[in-house]
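Below is one structure, written out as structure tokens, with a few remarks after it.
The values are calculated or read from the model by the stated rules, or taken from the named source; none is laboratory data. Here the structure is a predicted model, which is why all the values come from computation and not from measurement. Cβ placement follows ideal geometry from the backbone for every residue including glycine, while neighbour counts extend to all protein chains displayed. In case anyone asks, the SASA skips ligands and DNA or RNA and just uses the protein heavy atoms, side chains included. Shrake-Rupley method; radii C 1.70, N 1.55, O 1.52, S 1.80 Å.
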Amino acid sequence: MPQSIKIIFGLLGGLAIFIYGMNLMSETLQKVAGEKMKKILALLTKNPFFGVIAGALTTAVLQSSSATTVMAIGFVSAGLMNLPQAISIILGANIGTTITAQIIAFKISNYIYLFIFIGFIISFIFKNQKIKNIGITIFAFGLLFLGIETMGSVMKPLAKRPIFTNLIAKVSNVPVLGVLLGTVMTLVVQSSSATIAVLQNFASQPAVDGISSSIGLAGAIPILLGDNIGTTITAILASIGQSKDAKRTAIAHSLFNISGCLIFIWIIPFFADFVRMISPKGNEIDVISRQIANAHTSFNIVMTFLWIPFIWLMVKIVNFIIPEKNNRIKDETEPKFLDSRLVYQPVAAVRLVTKEVIRSAELVRNNFLLMVDIEKKKDEQVLEKISQKCEVVDSLNSKISDYMATMFSVGSLNEEQANEASGILYVMNDVDRINQLLKEVFMNIAEHIPENVKHSKKKKSVKNELVYSKQALDELKASLETIYKNFSDIIFSIADGNKKAAQKVFENKNDIMKISTKLRKGHISRVCSGMCNSKHVVSFNTILNDIDRIGNSIINIAEVISKNENFIDFIDDGKNEVL
């Protein structure tokens, strides 16, 4: 096989192993450290410095700036954080992602196969999923360095070929070409970490003198700047077809790196001197990998501190590029909080599902309000409005169920998260049941409202009319208002994180259950006195049965919330935005 073909195959194979190892390590780390990431993100406040710290720590642990960025985009779209907070997280993510290059700079080639073996044994022997994930992480870490080693071995002859030495000379003398090369490399590979790893390996190959780097730090920095731009273009492409907030966040990411490139491209010699000063001393080929890693980290730290005071300006710029459109009609059947990209991020996904279920419950609460003027339900337009609003909730709950089914099917939930998601699903099912029962109550009452008592206060005998009396309607109205109040208390207990309110509703379950009994006794009394037609008994009991079932569902929700310690923990600073 020709040498050039071997080199190409080696580069492609090594790159594939590196990317696979990096992605596998990121996925398993998210499973191992998912709950910790929730606590780290909880540090986020209006102070942008905390956002930067949260973004840097999250990305450093997960080894994926993409995962952190997607999480931030999802939270902005869901209303759990505003755009300035998300931008501060992304600034931190740019610092956190440099940890990959710092790890690569360590020369651990002698221990690669040991990592792979230990990781494999742990993941193969242990049955506990957390320990197994730790083993897979170690295994993936070894694969990552195996890919680097493979690429490095095939690059040795490549570094001395005239075609590449001439190309590197041009890149070193014309920084713009280096930026363009780095951008194209990242667009092709779709991973800035991978292209920086290739750059570190190639720069570690000796030039003709055997001491100097084949490219040198001054030649590597422009390519590094291009790598940073390339990864932001990838994010912009990924945001196509997504929400306006996703586009704005992607543009903010691009603005950060492009502005940095425009600044640093003019001071490359001075920047290179600074990096050499803070890096280990020695032969260039021995320290160039660490120098590139330090240049990557320094660039992102400097740009982060430059942009922190001007986050407000970045927000204005991205809002100008992606303006708000107020002429679009809002479709209530579409989820407001759910984000399909966060299905593999269980902590975020469960949070967003909780918010969406609360929104569904709020829509049902609004349907309850339509019962206030119960005498007007004979109006066909009102009945149509009630029917449409109930169908909106049906459609929304169906989409929530589909989203949760996907969450369970992808297998990203651990046992604790699965239990929490099950509790949320249980609540949503009761909310959906209440919505269905309300619709039935609306229709049953409307069919039996007497036209002649809408505005009359006189008692009339209605033995020959298939209608409810004014007294019957008044009692129904009072009972529904009591049910409505308890349901409202439940929603606000979730939204405000107030478990005591839910416990109070649960403690009042006996009073709630007595409502239908009281109504039955009153109706029998009216039938006996001739105020209500005896033909009403079956239809009226149907309504009472529905009210009884609504009360049961409210008690079920109260029980889940009051007994599940973790349920309302998902409602944080954005808790009041759905109400």
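Tabulated data for the structure shown
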item	result
Separation of the Arg520 and Glu391 label points, Cα + 7 Å toward Cβ, nm	3.5 nm
Relative packing of peptides 248-255, 278-285, 17-24 - highest average C-beta neighbours within 10 Å first	248-255, 17-24, 278-285
Per-pair calculated FRET efficiency, R0 = 41 Å: Lys244 and Phe305 via Cβ, rounded to 0.05	0.90
Solvent-accessible surface (1.4 angstrom probe) belonging to Glu440, in square angstrom, nearest 10	80 Å²
Ile278-Asn429 FRET efficiency (beta carbon distance; Förster radius 56 Å; 0.05 resolution)	0.45
Gain upon complete extension [Ile131, Ile236; 0.36 nm per residue less C-alpha separation]	34.1 nm
Probe 1.4 Å, all protein chains present, accessible-area order of Phe270, Phe9, Phe492, Phe368, largest first	Phe270, Phe9, Phe492, Phe368
Highest average packing first - 122-129, 100-107, 414-421, Cβ atoms within 10 Å	100-107, 414-421, 122-129
Pair Trp312, Val184: separation of 7 Å Cα→Cβ label points (nm)	4.3 nm
Förster radius 35 Å - calculated FRET efficiency between Ser409 and Gln503 (Cβ-Cβ, nearest 0.05)	0.55
Pair Ser259, Tyr113: separation of 7 Å Cα→Cβ label points (nm)	5.0 nm
